[in-house]
Ligand SMILES: *Cc1c(COP(=O)(O)O)cnc(C)c1O
């Protein structure tokens, strides 16, 4: 949030102070929405920052309002079939080199809502945003409000979990993306059987690599992640008029995404004590 605030020319703030405010709000409102005898529910916390300086002049605001919305989310329903994605054509873009695509700002959502509606009208659940790099190279980025992971075997046979790099600032550095990476790194370090032989890779990923992997049966799984969607499997990608099916194990999640989901869920529901958890009274 601080990075995005600075990227949008808004004043900065101390993250530790924001955490205090979030905790205070959760202490006050938490028990009402999350009664102790009804476990497994959660609140969606959205801190927001807007410039509030009066005047029409175009300059960096010296005054801003930081407020926090919390909403009670119903337990996210398992997407039974997985998401179907529609990849954008080369004449559209959500982000571009040097642009604001890596910032969490409302200004990045507005322009993609039309594409989102178009995807829905074509029977897809969401857009998959690619950046055209010329020479027939389309770089994989994200879904516009959530990040993407792919599990595949490389042509050399190595099992990899792969996600687009933050370098180049084409994608939002989602906290869920980071949590997935860190928890998988942790499990690899612990030699957990689920991640046996798994290599974790962050790099530029191109659509032609996914197409090739799909054609050769090396594409094992894909999923998206973000605070709102949490972790959801991806079942198809429509790219240049062709549907690429991604195995999703009989309409449910493949084991890997399912494991990651339960590891993270245990932390955020407080079943596992972890550095990422903050206990509030109430
Ligand atoms: C919010 C968002 C995500 C996911 O980020 P989280 O911090 O995991 O919620 C990914 N991409 C974009 C563009 C977003 O706005």
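Numerical summary
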quantity: Residues (part of a helix (DSSP H, G or I) and within 16 Å of the ligand (Cβ to nearest atom)) located in region 158-201; calculated: 175, 176, 177, 178, 179, 180, 181, 182, 183, 184
quantity: Flag for residue 147 being touching a helix residue (DSSP H, G or I) at 6+ places or on another chain (Cβ under 6 Å) and either at positive phi or within 16 Å of the ligand (Cβ to nearest atom) (or both); calculated: yes
quantity: Hits in region 197-208 - residues which are closer than 27 Å to residue 263 by Cα and either out of contact with any helix residue (DSSP H, G or I) (no Cβ under 9 Å at 6 or more places or on another chain) or modelled with pLDDT under 95 (or both); calculated: 197, 201, 203, 204, 205
quantity: Selected residue (only one of 180, 211 is in contact with a strand residue (DSSP E or B) (Cβ under 9 Å, 6 or more places away or on another chain), under 15 Å from residue 261 (Cα atoms) and buried (at least 17 other Cβ atoms within 10 Å of the Cβ)); calculated: 180
quantity: Breaking point among (1) farther than 30 Å from residue 25 by Cβ; (2) without any contact (Cβ under 8 Å) to a residue 60 or more places away in the chain, for residue 178; calculated: (1)
quantity: Complete set of residues in region 118-157 that are exposed (fewer than 11 other Cβ atoms within 10 Å of the Cβ) and either without any contact (Cβ under 8 Å) to a residue 60 or more places away in the chain or part of a strand (DSSP E or B) (or both); calculated: 121, 123, 134, 135, 156, 157
quantity: Residues satisfying the stated conditions in region 71-96, i.e. over 29 Å from residue 248 (Cα atoms), within 16 Å of the ligand (Cβ to nearest atom) and modelled with pLDDT under 95; calculated: 71
quantity: Members of region 35-46 found to be in contact (Cβ under 8 Å) with a residue 40 or more places away in the chain and either out of contact with any helix residue (DSSP H, G or I) (no Cβ under 7 Å at 6 or more places or on another chain) or farther than 14 Å from residue 71 by Cα (or both), listed by number; calculated: 39, 40, 44
quantity: Matching residues, region 97-113, being under 22 Å from residue 237 (Cα atoms) and either more than 8 Å from the ligand (Cβ to nearest atom) or touching a strand residue (DSSP E or B) at 6+ places or on another chain (Cβ under 7 Å) (or both); calculated: 111, 112, 113
quantity: Selected residue [closer than 23 Å to residue 170 by Cα and at pLDDT below 95] from 236, 248, 227; calculated: 227
quantity: Within region 221-231, considering residues that are in a strand (DSSP E or B) and in contact with a helix residue (DSSP H, G or I) (Cβ under 8 Å, 6 or more places away or on another chain), the one nearest to residue 158 (Cα to Cα); calculated: 221
quantity: Any pair with Cβ under 6 angstrom, 6 or more apart, that starts in region 89-109 at a residue that is at negative phi and ends at one that is part of a loop (DSSP other than H, G, I, E, B) and more than 9 Å from the ligand (Cβ to nearest atom); calculated: 95/170; 101/170; 102/169; 105/8
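The values are calculated or read from the model by the stated rules, or taken from the named source; none is laboratory data. Computed from a prediction, not measured in an experiment: that's the story for all the values here. No Cβ is skipped: glycine too gets one built from the backbone with ideal geometry, and neighbour counts run over all protein chains shown.
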